[in-house]
Protein chains: 2
Amino acid sequence: MLPISRFAPLPQHARSVGGGLTAPKGFLAAGVASGVKKRGKLDLGLVLSEQPAVSAATFTSNAAAAAPVRLTRETSDCGHLRAVVVNAGNANACTGKQGLADAARMRLLTANHLRLPVEQVAVCSTGLIGVHLPMEKIEPGIGAAAAALPAGGDAKASEHFSAAIRTTDKHAKKGALEVVMPEGKVKLGFAAKGCGMISPNMATMLCFVTCDAVVDGAVWTELLHGAVDASFNRITVDGQESTNDTVLGLCNGASGVKPGEEGLARLGQALDAALLALALSIVADGEGSTRTMKLTITGAKDEGRAEAVARAVANSPLVKTAFYGRDPNWGRIMQALGQALGRDGHEHLPACISYEDVVIVEKGQPAALGEAQQGRLAEIMHQPEIDLTVALNGPGAEATIYFSDLTHDYVTLNAEYST
Amino acid sequence: MLPISRFAPLPQHARSVGGGLTAPKGFLAAGVASGVKKRGKLDLGLVLSEQPAVSAATFTSNAAAAAPVRLTRETSDCGHLRAVVVNAGNANACTGKQGLADAARMRLLTANHLRLPVEQVAVCSTGLIGVHLPMEKIEPGIGAAAAALPAGGDAKASEHFSAAIRTTDKHAKKGALEVVMPEGKVKLGFAAKGCGMISPNMATMLCFVTCDAVVDGAVWTELLHGAVDASFNRITVDGQESTNDTVLGLCNGASGVKPGEEGLARLGQALDAALLALALSIVADGEGSTRTMKLTITGAKDEGRAEAVARAVANSPLVKTAFYGRDPNWGRIMQALGQALGRDGHEHLPACISYEDVVIVEKGQPAALGEAQQGRLAEIMHQPEIDLTVALNGPGAEATIYFSDLTHDYVTLNAEYST
């Protein structure tokens, strides 16, 4: 089932259903153990749309983008992908020309096994940075995965796929939604992985979406990009953008249901809610994370400024450690937002700061809290999800960022591993 | 004595001498216990030049700048300051109009006691954010400090001053240099405090410099700003800029020595070395810090880009935890610099990365290290100071940033304190 957060409620016309990527019609998936991960763990996955599909994709903007990202982004037809091959355990990042050749080889082998043109195949990798792919394991793995694709979509197969793309994720991040439209029902399937730019250099966040609605490519792209922008692009565990981040969505029309305006709106809402829920499950699963904060900045000069301020607060190690310590330490929030606003931003202060329904700072000064409010504040600081609002004094632009706390376990996970 | 780092060797014509702010001629200092800090600790300091002085100052660019910063920056004559009053234990930040009135009252009382116009007095505060100053303690404290100013500069007095400006600093950061010029000898005196934007909301970094050379205001300003830019503006403990950061330099000409071109060059070198040494002692004293890294980026498009990349690496919690774990984890450096360069920066990769004299990454790929080099690398990772170079593939602009590691103690210090 889709992981659901209080911050990502399902919209009215969507309901969570069993299965994952293969819940929508006409999608096959497989996950096998190629030997890249140890002890026979699943580590190589395939997804295939049985019929032509439209597709949309977003990639990391990291200049050190991994070979599979560069290959797929620059030489595949990201509007008409039908298949994805993914390996976990090795990111194929910072691997130079050999890395690009290996990614191209993965794509070619997959295309040959599936009888597709190479341009219709995307390649993703996640795992260690700076190590060449063990192609002698990957190559037979691709053959095995292609052979394992079941005749029809089956829930077990999408579970295998989800397992095959995990690295150090504690929880699986998958699910499916059924969306009821005036024109009929369609399904969305999901599989994601990631928990920050995480320990042993894991590189990092992948998300795959399948859909069986009849939607043209431009609309599907708009839906997917909009949903990514409000979900994966709005979370931070440690502020570190990986070299491998990829979101791919395939939409094959196999349901035969073609949504009209209202239907598209519902499909968009369902996609938004699901990607936000998956993104939040990455934050909750973030290294050492003990709680998730939703931070909304209001009253900024423009959206860019609002987002920059929100990110500055969300990535401040002082703010993050305060939440770990269950300390409503608003001085650190003021410091971080003052730094982000810079000297010219003084006009947007003083700010008001709320923790859930408790206004803790009014016009830049500590609010006088009664005993009941102090009790409520202590309660809030123990919640697994905390809703924060910072109201600046400016025109009114807003932005929201979701973030995790910074804990001893984060330091342990990232310091005690040795390359 | 001035704390000296391998990264900040003293220049040829400067030597460390005893005393601190009062080592240069014509400067008096005092530090008293006003009661803001508990248990009779020194918490209020005064510095006075006995004769008119030129002065230069740099302040935090945080939009939430504290009341004393706003008062001094906006209404004192920062080119002709003669005295500074400082309290520790309370930052007078996020304190609204009352805070501004309290800072102005501190300045007025100091000016009256010292018989100076208010414009010649600077006010600094450091300590808790968001609490009003206890003026009933501060006011008599200022009187006591003024009364305690000794008849002539004395080393004890500058020690009291240094103690009075400390908050959670583990080590005192003070000293004096004698600079030998063709025209004669002059002295520089120093007192600084800070260890990051530190635990219990301490706000944070202050540095005071005295000098008895005969130098005009424009030249003194240029010397001080240049030195600050290459020292305090190049360090990071946790990337968090405080609301109270201030560097003030007073230069009173009391030595009667007027440096010519060569003399000014030597004075500048001494000032640069001393401020860098003080800045590095702040990094070394950073919360939970166990080692200091010097990171130099070369081959960038321009200096701004070089600095941004250096800061991105220096503030990455993944890079910082790797150094804590003594792990030469270059993949995290590649990830952080790739993120900072962004997709358009791909042309500046691949990069070469060196840890001291060991080249660990060549053209974006892992270098093949022999056994001797691996042994050397393990040694380097245990040094208290580590010199890192990242050579990008671009035109050649450079920048250097000094940073500390991220440790369990950092999390403990910042999480376990409760407001």
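Hey, any hits in the range A:388-404 for a residue that's closer than 28 Å to residue A:285 by Cβ, modelled with pLDDT under 95 and within 12 Å of another protein chain (Cβ to nearest Cβ)? The answer is yes; a qualifying residue exists. Across the range A:206-221, what is the total count of residues that are surrounded by fewer than 24 Cβ atoms within 10 Å (Cβ to Cβ) and either under 16 Å from residue A:50 (Cα atoms) or without any contact (Cβ under 8 Å) to a residue 12 or more places away in the chain (or both)? Residues flagged as surrounded by fewer than 24 Cβ atoms within 10 Å (Cβ to Cβ) and either under 16 Å from residue A:50 (Cα atoms) or without any contact (Cβ under 8 Å) to a residue 12 or more places away in the chain (or both) within the range A:206-221 amount to 2.
Selection of the range B:312-371 for residues being among the basic types (Lys, Arg) and under 22 Å from residue B:395 (Cβ atoms) yields B:343, B:363. In the set B:63, B:23, only one residue is over 29 Å from residue B:404 (Cα atoms), in a loop (DSSP other than H, G, I, E, B), over 17 Å from the mean Cα position of the chain (by Cα) and aliphatic (A, V, I, L, M); that residue is B:23. With respect to the stated conditions, residue B:375 fails to be more than 30 Å from residue A:59 (Cα to Cα), facing another protein chain (nearest Cβ under 10 Å), free of Cβ contacts under 8 Å to residues at least 24 places away in the same chain and of a type outside the set (Ser, Thr, Tyr). Scanning the range B:331-362 for residues that are touching a Phe, Trp or Tyr at 6+ places or on another chain (Cβ under 8 Å) and either within 15 Å of residue A:93 (Cα to Cα) or among the acidic types (Asp, Glu) (or both) yields one hit, B:361. For the criterion of being surrounded by fewer than 21 Cβ atoms within 10 Å (Cβ to Cβ), within 26 Å of residue B:303 (Cβ to Cβ) and at pLDDT 90 or above, residue B:319 fails. Regarding residue B:319, is this residue under 26 Å from the mean Cα position of the chain (by Cα), in the same structural domain as residue B:392 (by TED's automatic domain parsing), among the β-branched types (Val, Ile, Thr) and closer than 24 Å to residue A:412 by Cβ? So residue B:319 passes the test. Could you please let me know if residue B:331 is without any contact (Cβ under 8 Å) to a residue 12 or more places away in the chain, touching a strand residue (DSSP E or B) at 6+ places or on another chain (Cβ under 8 Å), facing another protein chain (nearest Cβ under 8 Å) and within 20 Å of residue A:243 (Cβ to Cβ)? Answer is yes for this residue.
Among the residues making up the range B:73-89, a single one is within 14 Å of another protein chain (Cβ to nearest Cβ) and under 19 Å from the mean Cα position of the chain (by Cα): B:73. Here residue B:338 passes the criteria (1) over 27 Å from residue A:413 (Cα atoms); (2) buried (at least 24 other Cβ atoms within 10 Å of the Cβ); (3) more than 28 Å from the chain's Cα centre (by Cα) except the one numbered (1). Residue under question is residue A:413, and the condition is that it be surrounded by 15 or more Cβ atoms within 10 Å (Cβ to Cβ), at pLDDT 95 or above and part of a helix (DSSP H, G or I); does it hold? Judged against the criteria, residue A:413 is not a match. Yes or no: the range B:275-285 includes at least one residue that is of a type in the set (Asp, Glu), part of a helix (DSSP H, G or I) and touching a residue at least 24 places away in the same chain (Cβ under 8 Å). Within the range B:275-285, not a single residue is of a type in the set (Asp, Glu), part of a helix (DSSP H, G or I) and touching a residue at least 24 places away in the same chain (Cβ under 8 Å). Every residue in the range A:365-419 that is closer than 26 Å to residue B:331 by Cα, of a type in the set (S, T, N, Q) and in contact with a helix residue (DSSP H, G or I) (Cβ under 8 Å, 6 or more places away or on another chain), please. Once the filter is applied, which keeps residues that are closer than 26 Å to residue B:331 by Cα, of a type in the set (S, T, N, Q) and in contact with a helix residue (DSSP H, G or I) (Cβ under 8 Å, 6 or more places away or on another chain), the range A:365-419 yields A:404, A:407, A:412, A:414, A:419.
Among the residues here, residue A:178 qualifies as of a type outside the set (S, T, N, Q), more than 13 Å from the chain's Cα centre (by Cα) and part of a strand (DSSP E or B). Taken together, B:95, B:110 contain a single residue that is away from chain A (no Cβ under 14 Å), buried (at least 24 other Cβ atoms within 10 Å of the Cβ), polar (S, T, N, Q) and farther than 30 Å from residue B:5 by Cβ, which is B:110.
Taking only the range B:212-242 into account, find how many residues are more than 29 Å from residue A:337 (Cβ to Cβ) and in a loop (DSSP other than H, G, I, E, B). Within the range B:212-242, residues that are more than 29 Å from residue A:337 (Cβ to Cβ) and in a loop (DSSP other than H, G, I, E, B) number 5.
For the range B:71-85, a residue qualifies if it is in contact with a strand residue (DSSP E or B) (Cβ under 9 Å, 6 or more places away or on another chain) and free of Cβ contacts under 8 Å to residues at least 40 places away in the same chain, and the qualifying residues are B:73, B:83. Tell me, please, whether a residue that is surrounded by fewer than 24 Cβ atoms within 10 Å (Cβ to Cβ), hydrophobic (A, V, I, L, M, F, W, C) and more than 23 Å from residue B:192 (Cβ to Cβ) can be found in the range B:71-92. There is no residue in the range B:71-92 that is surrounded by fewer than 24 Cβ atoms within 10 Å (Cβ to Cβ), hydrophobic (A, V, I, L, M, F, W, C) and more than 23 Å from residue B:192 (Cβ to Cβ).
Yes/no matrix, rows are residues, columns are (1) closer than 30 Å to residue A:328 by Cβ; (2) outside the structural domain of residue B:20 (by TED's automatic domain parsing); (3) assigned to a helix (DSSP H, G or I):
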residue	(1), (2), (3)
B:86	yes, no, no
B:94	yes, no, no
B:108	no, no, yes
B:111	no, no, yes
B:130	yes, no, no
B:136	yes, no, yes
B:143	no, no, yes
B:161	no, no, yes
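For residue B:358, the stated conditions do not hold, so it cannot be described as facing chain A (nearest Cβ under 7 Å) and touching a Leu at 6+ places or on another chain (Cβ under 7 Å).
Residues that are away from chain A (no Cβ under 11 Å), surrounded by 13 or more Cβ atoms within 10 Å (Cβ to Cβ) and either under 22 Å from residue B:317 (Cβ atoms) or of a type in the set (Asp, Glu) (or both): does the range B:345-354 have at least one? Taking every residue of the range B:345-354 in turn, none turns out to be away from chain A (no Cβ under 11 Å), surrounded by 13 or more Cβ atoms within 10 Å (Cβ to Cβ) and either under 22 Å from residue B:317 (Cβ atoms) or of a type in the set (Asp, Glu) (or both). For the range A:26-49, the set of residues classified as of a type in the set (Ser, Thr, Tyr) and either free of Cβ contacts under 8 Å to residues at least 60 places away in the same chain or part of a loop (DSSP other than H, G, I, E, B) (or both) consists of A:34 only. Selection of the range B:126-140 for residues being in contact with a Leu (Cβ under 9 Å, 6 or more places away or on another chain) and either at positive phi or modelled with pLDDT under 95 (or both) yields only B:126. Restricting attention to the range B:113-128, the residues that are farther than 23 Å from residue B:207 by Cα and assigned to a helix (DSSP H, G or I) add up to 1. Residue under question is residue A:290, and the condition is that it be within 14 Å of another protein chain (Cβ to nearest Cβ), surrounded by fewer than 23 Cβ atoms within 10 Å (Cβ to Cβ), under 25 Å from residue A:162 (Cα atoms) and of a type in the set (Ser, Thr, Tyr); does it hold? Yes; evaluated as a whole, the condition is true for this residue.
The values are calculated or read from the model by the stated rules, or taken from the named source; none is laboratory data. Please read these numbers as outputs of a predicted model, since none were measured by experiment. Counting neighbours? That spans all protein chains shown, and the Cβs are built from the backbone with ideal geometry, glycine included.
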